[in-house]
Amino acid sequence: MKGIGYFMSRPKKQWYYHLMMLPGMIFLIIFNFIPMFGIVMAFQDFSPAKGILESRWIGLDNFKFIFGLKESRQIFSNTIIISFGKILLGILIPVCFSLLLNEIKAQFFKRMVQTIVYMPHFLSWVVFAAVVQGIFSYDGPINALLMAVGVEPVMFLGSNQWFRTIMVTTDSWKEFGYGSIIYLAALTGIDPGLYEAASIDGAGRWKRLLHITLPGIMPIILIMLTMALPNILNAGFDQIFNLYNPLVYKSGDILDTYVYRVGMLKRQYSLGTAVGLIKSVVGMILILAANKLVTTFSDRRMF
Amino acid sequence: MSKKLKQLFSLLLTVIMVAGLLGGCSSSSDSVGTLTEPMDAEETSEESTSDPWQLAATSTYEPYPETVTYTVGLRVRADVAYPEGSTDTAEESAYTRFLKTKLNIQNMNVFEAADDNDYNQKVSMAITSGEIPDIMSVGTYEEFKELVENDMVADLTEAYNNCASDLMKEIYASNDNRSLDMATIDGKLYAIPTTTISNGPEMLWLRGDWMDKLGLEEPKTLDDIKNIVKAFVEKDPGENGAGKTVGIPLCIDGDTNYIYGNYSGAYKANNIFTSFGAFPEQWIEGKDGTAVYGSVQPEMKQGLQVLADWYKEGVIDQQLAVRTYDDIRALVTDGKCGSYFCGWWAPYELAGSYELNPDVEWRAYILPTGPDNKVTMWSGNPNQNYFVVRKGFEHPELLIKAKSITLDYNQGEAAYTDDSVECKEYLDYVAHGYGVEVIGGFDWYDAAARAYQHISEAIDGTRNPEEMNAYEHSLYESCSKYLEAVNNNEKPEKVNWLDYNARMVASKLVNDTEVNIVQPVFFSQTDSMSLMWESLKTLERTTMLKIVTNEISVDEFDAFVEEWMNAGGQQITEEVNEAIN
Amino acid sequence: MIKRGKLDSLTVLIYVVVTVLGLSCLFPILNTLALSFSSSAAATAGKVGIIPVDFTLSSYQKILNDQQLWRSFLISMLRVLLGTSLNIFLVITLAYPLSRNQREFGAQKIYIKFVLFAMLFNGVMVPTYMVVQKLGMINSIWSLIFPGAVSTGNVILMMNFFRSVPKALEEAAEIDGATPFQILWNIFIPASKPCIATIVLFCIVWHWNDYFSGLLYMTKVHNYPLQTYIQMIATTFDISKITDIKKLQEFLMISEKTLNSAKIVVSVIPLLLIYPFLQKYFTTGLVVGAVKE
């Protein structure tokens, strides 16, 4: 028997799709698009007492301030370097870890490890920073190790040479378990028939990995990468704020920490909005570029 | 009574009041025990009694004829507790009942916030949506100014003149009315500010047991300090192992801590700078009478030189750049550090060290002194926050009346003579830290010194222990317990050890030592500061830290000053001078 | 078939690497746990490793000894339940039409731009607050749920998972005459269980951990969800205001370090309890959970 759906014309089906989109779009309009008018605050010296309509217009002054600082160059490059490192390791390590875990057959062990690595995500940076400080401190285990092999101890968190590296690695350490969940989910979607066929063909572990597993989760890797890109100007306020000091401002002061310190003097909603707008615009450019790249070099559509 | 008539009346009353005050014939009628009587009747002339509303609006203690409900934004700690089995809330507690009995006023909380950030957030949102409560407090001068400039808060001048109790005026006078001056804009008082208590001079805390072990003399000069700390670090009296004892720690953790600034905080070196006449991070009056920024004055160089030399010799903690506040506390607690600068309240910071090692003995010295053999300190911002009244609220004097009552029962001695149920319950709440005070009071500028005088006199037997306020009384009892335990050769309780060391030992030192006090001239912010200041502060803090850690030489200070001036410092200095003239 | 039972050197290496990674994460967890049970002095002195020193429950007593905690806990539970349900409903109903291609759903191109735009340009705090306030939702549970109802990132993720569902399944259903609703319900949702489970987890974690909405939209502590409430419990009270010896003793027993650790332990337990129920969807072996032909 053929149901009604079979006879449904394409336009009619499209009405179903519109109907499905409706509730979500209503929420987006009310709670995202209407408040977006607040972006005008970026061009104002916003004062709560005057409100958005009455606050003084100052044109591009907020942006001139952010880009015109003596430290601007340094702050932006710190931000981009640290967050680029985090994006890269934030994908690489979870992907590798989920691939490794995928190779493990002992279910109990696998689940236990997976549960343990999931947990550090829930430790706030206030607490986790103390752990990081302990490990990298002057008399901490890393320096003890260095001294054991005859290397001079290093004051890691006071060193401009090391600070960014430590930010990137400790962030990945804390987050890789939580980040790997999505890849584990993607791995379960790979058709086991493919593996069986490959086994019959005599493919080894590497071949299976390269020809079945990786291509199987590649779409998710790409989408996660693309969605991480707009965060290029978010280098992780909580982490850096809890670990930096004036000696490493040169390598570790990021956009958010700087704006926070400025904002402490006067609650600057306007400046915050302006920074948010910069982040959004940069994010949009990156995401469009990434989409273009993916569609040019593969037959896949990202959006 | 019509509105016009009311206004006329209040005008008349003000004239009479002011005349009375000028004539000096206003009796200080705030004696305790007769609080329920209309105290100000004699001041406010006879006609006023004809209208109870009018009387209430112009006197300190007269209750309103009908219950006045006012809306308020309140700080309510997340873990606020009430007595066992009570169903009290922040809107119905001993505090609210007390105020209701005394003044017939009742609060309605339009928002409650758990901490300062939360509160500021909610205040901003209330302001943004144009619905501010009748009474609220704002944390900074800038916010306060903004409210005044946007005509959102009421002028309290008249209400203050009519209703402020003598005790309130006396407390404000204890800091030369600086608090009120800051809350006054264009000659009108717009807020009832909460005062800051002076913490007295910073002191150097040294491990006395270590000094005795090494046979070290009491320090008097900079060199003495250096030699003692050097001996601690090199001779390891705490048996921590070679190289494990650290020198004087300076805390630069977070944005609120730095090697200087914020006088009388913990782990700073302010006295070293002031001994050379430098006042880092303060706007002070320069030699030519104009306001100058302390961190860029040439006197800073000498202080920096001392710290840089000390750092080189290991007298300053070598890892100062990466130590967090917690790390430093850990060093002190664990006996790895036997020297640091802190205010009189240091024993509270040392709680753990006494618990882990009851033999530990800390000695405090107010050092180093300047050329006149006295330590120089500077005083802080006179105000913690500003209580404001919404413009258009019918009873602006309500705030002042409620504050006056609160002060009488906390800073005054009213509590001892009032045996009403409400008062008992109120005191019970205060003593146990139950609930939240709706309209809290504030304290004398020299509250810490007063507490020491009262407690020590009571211990010496020259003062009746009842003749002090409730808080002082609880400290007196704690200190007595400490002495009792010592006399009986028992180990004193940690709490009593703390109270005694802070209130009797350190406070005695504060009380007995004469110091110079410098008044900074500017605590606010100018227009350019709001954006440029952070850049200048970053420059200052990185440069100073590099100098202290010997990364660059002290000679770089001059280049720093020039850069600071050119990067906006000059302009801001001019603005500050304009602002205070 | 994949070889079983044999331990080649590569397998051993894999086990070693995974174990090391696991242990590296175990250390901070145990440290936090140990700190939460240690005395203030021991924690302050930095003496606590992975075993509690001077065992005490003071920090927990401070957090747990309160009616408000349970009220906040219930508010959070309700929020997670309603919020996650709404999130998932909207993620699926948005992602499915968006996963259709140009031929099937012409307006996809416009809709996806809206969603991406919303993802990149988040609403500004002050006007979002005004909207919530104008809708009369201040102090209501909906203020915690509606503003974040559409989790755009998860929509994009779900959309991509839907696209990887084999076309053949869908076509077969179409021939049977199923409507788009039926196809979504009978084919796409069952085929995307691992991804849905993952997104459910993300949403639960987000709702559970978000403390700022509570702070912004709730004007009374009474209405705070758990995380907002717990974040607000602090040790840093004004010493000069404490007159009660019991309070002072409590203050001396608890340090910020021990309290912060205990806060984390308390708030993470519910997340650990639900984890196994979701975990089974994304850590199953190769055979189960895959698309059945």
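Values quoted throughout were computed directly from the atomic coordinates according to the rules given, and no laboratory measurement underlies them. Computed from a prediction, not measured in an experiment: that's the story for all the values here. For neighbour counting, all protein chains shown are included, and Cβ atoms are generated from backbone atoms with ideal geometry for every residue, glycine included.
How many nm is it between the label spots at B:GLN453 and B:THR417, if each spot is 7 Å from the Cα in line with the beta carbon?
Going from the B:GLN453 label point to the B:THR417 one covers 2.1 nm.
If the limit is 21 Å between Cα atoms, which of A:LYS292/C:LYS113; B:LYS102/B:LYS424; B:LYS235/B:LYS374; A:LYS279/C:LYS113 go over it? The partial results should precede the final answer.
Details: A:LYS292/C:LYS113 14 Å; B:LYS102/B:LYS424 13 Å; B:LYS235/B:LYS374 31 Å; A:LYS279/C:LYS113 18 Å.
Result: B:LYS235/B:LYS374 exceed 21 Å.
In nm, give the distance between the simple-model label positions of A:ASP201 and B:ASP558, each being 7 Å from the Cα along the Cα-to-Cβ direction.
7.8
By DSSP, what percent of the beta bridges with both residues in the protein assembly as shown are antiparallel, rounded to the nearest 5? Provide the component values of the computation, followed by the final result.
Details: 26 of 41 bridges.
So the antiparallel bridges amount to about 65 percent of the total.
Taking every residue in A:169-177, how many Cβ atoms of other protein chains lie within 10 Å of its Cβ, on average? If you can, show how the numbers build up before the last one.
Working: counts 0, 0, 0, 0, 4, 2, 0, 3, 3.
The mean count of partner-chain Cβ atoms within 10 Å per residue comes to 1.
Other chains near B:144-156: what is the mean number of their Cβ atoms within 10 Å of each residue's Cβ?
Working: counts 0, 0, 5, 2, 1, 3, 6, 1, 2, 1, 0, 0, 0.
Averaged over the peptide's residues, the number is 2.
Provide Rg over Rh for the range B:59-211; use the alpha carbon set for both Rg and the Kirkwood Rh (inverse mean inverse pair distance). Please report the intermediate quantities before stating the final value.
Working: Rg = 19.2 Å, Rh = 18.4 Å.
Expressed as Rg/Rh, it is 1.04.
Only counting other Cβ atoms within 10 Å, I'd like B:ARG541, B:ARG503, A:ARG56, A:ARG208 sorted with the fewest neighbours first.
Values: B:ARG541 21, B:ARG503 24, A:ARG56 10, A:ARG208 18.
Ascending Cβ contact count within 10 Å gives the list A:ARG56, A:ARG208, B:ARG541, B:ARG503.
Given a Förster distance of 22 Å, report the FRET efficiency between A:LEU88 and A:LYS292 from their Cβ-Cβ distance, rounded to the nearest 0.05.
The calculated FRET efficiency here is 0.60.
Take the Cβ-Cβ distance between A:GLU71 and B:ALA579 as r, set R0 to 25 Å, and report the resulting FRET efficiency rounded to the nearest 0.05. Numbers along the way, then the final one.
Values: r = 27 Å, r/R0 = 1.06.
After rounding, the FRET efficiency stands at 0.40.
Could you size up the charge dipole of the protein assembly as shown around its Cα centre, putting +1 on the beta carbon of Lys and Arg and -1 on that of Asp and Glu, and report it in debye to the nearest 20? Let's see the in-between values first.
Numbers: 93 positive and 126 negative charges, 1627 e Å.
Value, rounded to 20: 7820 debye.
What order do you get for C:31-38, C:125-132 when each peptide is scored by the mean count of other beta carbon atoms within 10 Å, highest first? The partial results should precede the final answer.
Working: C:31-38: 23.8, C:125-132: 20.8.
So the peptides C:31-38, C:125-132, ranked by packing, come out C:31-38, C:125-132.
Order the peptides C:270-278, B:169-177 from the highest to the lowest mean number of other Cβ atoms within 10 Å of their residues. Present the calculation step by step, with values, prior to reporting the outcome.
Details: C:270-278: 14.2, B:169-177: 16.9.
The packing order, highest mean first, is B:169-177, C:270-278.
Contact order normalised by length for the range B:447-514, with contacts defined as Cα pairs under 8 Å and 6 or more residues apart; what percent is it?
The value is 36 percent.
Can you pull the one-decimal nm distance between simple spin-label points at B:GLN571 and B:THR69, each 7 Å off the Cα toward Cβ?
Label at B:GLN571, label at B:THR69, 5.2 nm between them.
Estimate the FRET efficiency between C:LEU273 and B:SER50 by the formula 1/(1 + (r/R0)^6), using the beta-carbon distance for r and 51 Å for R0, to the nearest 0.05. Numbers along the way, then the final one.
Values: r = 70 Å, r/R0 = 1.37.
Result of the calculation: an efficiency of 0.15.
Can you tell me, using C-alpha contacts under 8 Å and at least 6 residues apart, the relative contact order of the range C:57-282 as a whole percent? Could you put the intermediate results ahead of the total?
Numbers: 186 pairs, mean separation 74.6, N = 226.
Reported relative contact order: 33 percent.
What pairs in A:LYS86/C:LYS220; A:LYS174/C:LYS193; B:LYS169/C:LYS257; A:LYS86/C:LYS257; B:LYS169/B:LYS301; B:LYS537/C:LYS263 have C-alpha atoms more than 31 Å from each other? Don't skip to the end; give the middle numbers.
Working: A:LYS86/C:LYS220 38 Å; A:LYS174/C:LYS193 27 Å; B:LYS169/C:LYS257 42 Å; A:LYS86/C:LYS257 27 Å; B:LYS169/B:LYS301 42 Å; B:LYS537/C:LYS263 34 Å.
The answer is A:LYS86/C:LYS220; B:LYS169/C:LYS257; B:LYS169/B:LYS301; B:LYS537/C:LYS263.
Compute the Rg/Rh shape ratio of the protein assembly as shown: radius of gyration over Kirkwood radius, all on alpha-carbon atoms.
Details: Rg = 33.1 Å, Rh = 33.4 Å.
We get a ratio of 0.99 for the protein assembly as shown.
Can you sort B:VAL388, A:VAL262 by how many other beta carbons sit within 10 Å, fewest first? List each step's numbers first, then the result.
Values: B:VAL388 28, A:VAL262 24.
Ascending Cβ contact count within 10 Å gives the list A:VAL262, B:VAL388.
In the range B:274-288, whose amide N lies under 11 Å from the spot 7 Å out along Cα-to-Cβ of B:THR513? List them in ranges.
none
Would you mind estimating how fast the range C:57-282 diffuses translationally, via Stokes-Einstein at 25 °C and 0.890 mPa s with the Kirkwood radius over Cα pairs, in µm²/s? Write out the running numbers ahead of the final one.
Values: Rh = 20.3 Å.
The Stokes-Einstein estimate is 121 µm²/s.
Given a cut-off of under 8 Å on Cα pairs at least six residues apart, what relative contact order in percent is computed for chain A? Present the calculation step by step, with values, prior to reporting the outcome.
On the way: 266 pairs, mean separation 81.4, N = 303.
With pairs under 8 Å counted, the relative contact order is 27 percent.
Filter the trypsin sites (Lys or Arg not before Pro) in the range B:264-360 to those in DSSP coil with at most 10 other Cβ atoms within 10 Å of their Cβ, and list the result.
B:LYS287
Using only atoms on other chains, find how many Cβ atoms lie within 10 Å of each Cβ of peptide B:533-545 and report the average. Walk me through the intermediate numbers first.
Numbers: counts 5, 10, 8, 1, 5, 9, 4, 1, 4, 7, 1, 1, 5.
Whole-number average of other-chain Cβ neighbours for B:533-545 is 5.
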